[in-house]
Amino acid sequence: MSSLQQIEAAILNLAENEFEQLREWLLEIDFERWDRQIEQDAAEGKLDALANEAIAEFEAGHCREI
């Protein structure tokens, strides 16, 4: 049995409150990794094209008013 299979089996045996704590912990880690990836992509200029497109659309008046 692989480590992942062992982890999955252990998760299935968690009490409801323990599962909820694990879920929240995993979500927090996921959000932190996502934030780091966005920051890295922005620093590397990978988001520049999207930002420029959004600015151009805004300046052209193609954005809906909120």
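Read the figures in this text as sums done on the coordinates, not as results from a lab. Note that the structure is a prediction, hence the values are computed from the model and not measured. Note that each Cβ is placed from the backbone with ideal geometry, even for glycine, and that neighbours are counted across all protein chains shown.
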Practice problem: Taking every pair of Cα atoms in the chain, average 1/r, invert it to obtain the Kirkwood radius, and report Rg/Rh to two decimals. | Solution: 1.30
Quiz item: What is the calculated FRET efficiency for Ile29 to Ala51, with r their C-beta to C-beta distance and R₀ = 30 Å, to the nearest 0.05?
Solution: 0.65
Quiz item: Which one of Trp25, Ser3, Ala60 has its Cα pushed farthest toward the positive end of the charge dipole of the chain, where Lys and Arg give +1 and Asp and Glu give -1 at the Cβ?
Solution: Ser3
Quiz item: Any idea what the dipole of segment 3-59 comes to, in debye rounded to 20, about its Cα centre with Lys/Arg Cβ at +1 and Asp/Glu Cβ at -1?
Solution: 260 debye
